[in-house]
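Colleague: Structure below; questions to follow.
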Amino acid sequence: MKLKQTILLFGLTAFITSCAEKREGEQKTTLLSNFLSITDNEDKGVKEILDFYGGQCKYAVGASASTTSGKSKYFELEMSQSEAIERYSKIPQMPASNVAYLFYKNLKDEKNNYDEIHTVLKLNDGDEMTFKYPIEQLDIVACRMQTVEKVVELIKSKQFHEIKTLLNDTSVANYYKNELVTNLENIDSQLGELQMFLPYGFRINETEEGKRYLHISGAIFRDKQNHEFSADFDLDRAKEELLMIGYKL
């Protein structure tokens, strides 16, 4: 049985940290909530999700049915009434994966307490979807996210030549990384000074041969024009090696 506690927070703008007005019943305690306590780090994770997406978040701790390796323990995050998530209703995997990642990256020792992070999306049309993310998978994403942040910092400091050393343009997608980086540099002044990067989600694709590829999506905010940013990784290669990076204006 899952014990749930509800926090309400409504963002003023999507995907940007915002303030919110309290609604009646916000953080209302119940008899069940007396049996469920979360750590400061878990609480930070829940609050970061609410700052990012707004809406309502219910959290719970549960265990799946017994398997050959025993019960699988998970932390569940149920999102509803979020305008930001509604915008991605046709590709719900994106906000679902980001909810799990935003929570996970705030954990420290708590990572050892769970086998999975579950994201439940309850949309306004009545659809409800559950996505499950093993801790090991989120570990991989967090590791590769460091490389994404490194690339963003290189773009911000206009060290475009350093990006070339991270790109592999011959393994899966054949292109010219020199040309790619030159294009990024040429368009930089048109877009303006880079202010911050926000992740929007990830997906891992596996081929029939067992090759795994990670795609990370996000947005770069600038003082002239914001744009989408993506990065692709071969998970069988070094963590700092990128298959491709891209902008969508």
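Colleague: Pairs only if they're at least six apart or on different chains, beta carbon under 8 angstrom, first in region 210-222 and in the same structural domain as Glu149 (by TED's automatic domain parsing) and among the aromatic types (Phe, Trp, Tyr), second part of a strand (DSSP E or B) and crowded, with 17+ Cβ neighbours inside 10 Å; list them, first residue then second.
Modeller: Cβ pairs passing all conditions: Tyr213/Asp232; Tyr213/Phe233; Phe221/Leu194; Phe221/Phe197.
Colleague: The conditions are (1) among the β-branched types (Val, Ile, Thr); (2) modelled with pLDDT under 95; (3) more than 23 Å from Ser230 (Cα to Cα), and Thr13 fails exactly one of them. Which is it?
Modeller: (3)
Colleague: Now for a separate question. If you take the residues in region 169-217 that are part of a strand (DSSP E or B) and of a type in the set (D, E, K, R), which one is surrounded by the fewest Cβ atoms within 10 Å (Cβ to Cβ)? Talk me through it step by step, then tell me what you get.
Modeller: Looking only at region 169-217, we keep the residues that are part of a strand (DSSP E or B), and these are 194-206, 212-217.
Next, from what is left, pick out any that are of a type in the set (D, E, K, R): 203, 206, 212.
Details: Arg203: 14, Glu206: 10, Arg212: 14.
Top of the filtered list is Glu206.
Colleague: Within region 236-249, which residues are surrounded by 17 or more Cβ atoms within 10 Å (Cβ to Cβ) and assigned to a loop (DSSP other than H, G, I, E, B)? Can you show your working first?
Modeller: Step one: of region 236-249, the residues surrounded by 17 or more Cβ atoms within 10 Å (Cβ to Cβ) are 242-245.
If the condition is that a residue be surrounded by 17 or more Cβ atoms within 10 Å (Cβ to Cβ) and assigned to a loop (DSSP other than H, G, I, E, B), then Leu243 is the only one that fits.
Colleague: Scan region 76-90 and give yes if some residue there is in contact with a strand residue (DSSP E or B) (Cβ under 8 Å, 6 or more places away or on another chain) and at positive phi, otherwise no.
Modeller: yes
Colleague: Going by the conditions given, is Lys108 exposed (fewer than 13 other Cβ atoms within 10 Å of the Cβ) and in the same structural domain as Glu48 (by TED's automatic domain parsing)?
Modeller: Numbers: exposed (fewer than 13 other Cβ atoms within 10 Å of the Cβ): yes; in the same structural domain as Glu48 (by TED's automatic domain parsing): yes.
Taking the combined requirement at face value, the residue satisfies it.
Colleague: Name every residue in region 123-141 that is without any contact (Cβ under 8 Å) to a residue 60 or more places away in the chain and crowded, with 16+ Cβ neighbours inside 10 Å, in order of residue number.
Modeller: Residues of region 123-141 that are without any contact (Cβ under 8 Å) to a residue 60 or more places away in the chain, as a first pass: 123-136, 138-139.
The answer is Leu123, Phe131, Lys132, Tyr133, Ile135, Leu138.
Colleague: Residues of region 150-168 being surrounded by 13 or more Cβ atoms within 10 Å (Cβ to Cβ) and in a helix (DSSP H, G or I), which ones?
Modeller: Result: Lys150, Val151, Val152, Glu153, Leu154, Ile155, Lys156, Phe160, Glu162, Ile163, Lys164.
The values are calculated or read from the model by the stated rules, or taken from the named source; none is laboratory data. On a predicted model such as this, the values are computed, not experimentally measured, just so you know. Note that each Cβ is placed from the backbone with ideal geometry, even for glycine, and that neighbours are counted across all protein chains shown.
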